[in-house]
Every structure is written in C-alpha cells, then in structure tokens.
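Report on the following structure.
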Amino acid sequence: MIFPISQFFLLNSYFPKKSGKAIFAVLVDWTRHCVAVIPCFNEAPHIEAVVAEVRGHLPHIIVVDDGCTDGTGRRAKAAGAEVIRRSRNGGKGCALRAGWRHARQMGFTWALMMDGDGQHAPDDIPKFFARAEKNGTALVVGNRMGSAGAMPWLRRQVNRWMSRRLSVLAGVRLPDSQCGFRLAHLETLARLPLAGRRFEIESETLVAFLAAGQGVEFVPIKVIYESNRSKISPFLDTWRWWRWWTAQTAAVP
C-alpha cells in the first residue's frame with residue numbers, strides 16, 4: 001500500500017512543535033539511547049568489519065538479515081551485533097521498518113541507519129550526533145554531494161535528478177535525498193505512515209518528516225564507492241522510484 005503525499009500533510013497536528021520542529025533534549029547519551037540499524041542482503045564479505053567499526057561509536061547494533069543466503073547474519077552475530085532474521089528478501093524498506101520496531105521494543109529512542117556494504121564511514125557517526133544535539137533535529141541525513149566526483153557519473157546524475165524533484169515538492173533544498181546514512185528519532189518515525197518496500201524508502205522518509213513539520217538537516221560525509229558492493233540497480237530502482245513518485249504526485253491536489 002502506498003500513502004500519497006497529500007496524506008502526509010495531515011500529520012502536522014499530531015506532533016508537538018515549536019517553530020515547525022519537534023522539541024528534543026539537546027544532550028543525549030548516545031551510547032545508551034541510540035542503536036545502529038543495518039539492513040543487509042548478502043553482505044558477508046563486509047559486515048564483520050562494518051560492525052566492528054561501528055562498535056567503536058555505538059555498543060548496540062541491530063543487523064537485519066533480509067533473507068541472506070551467504071551467512072551475513074552469522075558473521076554479524078560473531079562480530080557482536082544482534083541479528084533479526086527475515087526468511088525472505090523483502091527489500092530495504094521492509095528491513096528498516098523491522099529494525100526500527102525492534103529498536104523501539106528494546107527501549108531505544110534514536111536509530112542510526114547505515115548500509116552493510118562498507119560504503120559508509122563509521123568515523124562520520126559523531127557528525128550526526130553533533131548536528132542533532134545542536135539543533136534538536138529529528139532527522140539528520142548524510143550528504144555525499146560535496147565530494148560527488150567520487151561517485152559514478154550515472155549514480156550521481158540520478159541522485160541529483162531525484163533530489164531536485166523532491167526539493168521542489170517539499171520547498172526545501174535536499175542535496176542528497178538518496179543517502180541511507182541517517183540518524184532518526186524513533187518515536188517520530190513510528191508516527192509516520194511509511195510503506196516503501198525497497199530503496200524508495202529514502203525519499204518517502206524525507207517527504208514524511210517534512211510533511212509532518214519536522215526539521216531535516218544534512219551533514220557532509222565521505223564518499224566510499226565500489227561498484228561491486230552496491231545493491232542499487234540504476235535502472236530497475238530508478239524505475240521503482242518513478243512508479244512511487246508518480247503515485248505520490250498524482251494524489252497532490
């Protein structure tokens with residue numbers, strides 16, 4: 001089921017706000033209140049190193065094994081992560097929502113999302129915490145576009161094309177709408193009608209936060225790219241995104 005953008009704007013009345021933003025404490029003990037949520041599909045070659053590096057910043061890590069067939073979950077557990085096993089691959093959106101639900105059940109209030117392929121640098125994690133504390137922001141997103149030259153040309157152009165369209169719709173500049181390296185307030189996430197199953201979840205989450213009157217901010221992060229690691233298909237996933245986008249914009253009055 002897809003929730004049209006027009007429904008998102010009805011969420012404004014449900015959030016405590018001041019100047020359009022939810023109010024959060026500016027000082028957080030991140031090691032106690034934040035958990036890393038890492039959705040994975042067949043990332044066995046990389047996941048142990050990713051978990052080990054993330055544990056240098058956060059002791060609690062949830063790896064969502066999204067129907068992996070290569071031992072990703074076993075290796076993640078051996079590295080110190082808690083593993084949620086999904087019997088079938090459902091896509092990144094499904095895996096993230098499973099991780100968020102489990103994180104809330106465990107009592108965490110924040111989730112740091114990263115990919116399991118080693119293309120996000122754990123050394124950038126403190127930047128997300130600092131930005132959330134500084135401005136009380138409910139969603140902080142990584143921005144790779146300051147070093148976009150390190151991205152493949154096609155991937156860079158598709159990202160910019162999507163980001164321009166989302167920016168016009170939201171009335172806010174979104175420099176890197178497709179980055180999956182994010183820090184989010186879990187209670188706010190739980191109130192949003194997110195339904196994206198695959199990579200469109202990145203766009204859907206941004207639109208939902210903004211439609212609910214929540215602030216979204218970006219922090220510059222490193223670009224680490226190896227084409228053989230990414231699970232994104234430039235053509236198939238762009239087509240899925242376009243189908244999602246068409247359904248959303250068709251519902252806007």
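The values are calculated or read from the model by the stated rules, or taken from the named source; none is laboratory data. What you see is a predicted model; the values in this text were computed from it and never measured. Cβ coordinates were reconstructed from backbone atoms using ideal geometry, including for glycine residues, and neighbour counts include every protein chain displayed.
Before moving on, here are some points about what is shown:
- Among (1) at pLDDT 90 or above; (2) of a type outside the set (D, E, K, R); (3) closer than 17 Å to V140 by Cβ; (4) surrounded by fewer than 18 Cβ atoms within 10 Å (Cβ to Cβ) - the single one A190 does not satisfy: (3)
- Members of the range 202-220 that are out of contact with any Asp or Glu (no Cβ under 9 Å at 6 or more places or on another chain), part of a strand (DSSP E or B) and among the aliphatic types (A, V, I, L, M): V216
- Test: residue in the range 217-237 that is hydroxyl-bearing (S, T, Y) and at pLDDT 90 or above: no
- Residue within the range 1-11 that is closer than 22 Å to E202 by Cβ and modelled with pLDDT of 95 or more present: no
- All conditions but one from (1) modelled with pLDDT of 95 or more; (2) touching a helix residue (DSSP H, G or I) at 6+ places or on another chain (Cβ under 6 Å) apply to H60; the one that does not is (2).
- The set of residues from the range 96-110 being in contact with a helix residue (DSSP H, G or I) (Cβ under 9 Å, 6 or more places away or on another chain) and either among the aliphatic types (A, V, I, L, M) or under 24 Å from C179 (Cα atoms) (or both) comprises L96, R97, W100, R101, A103, R104, F108, T109, W110.
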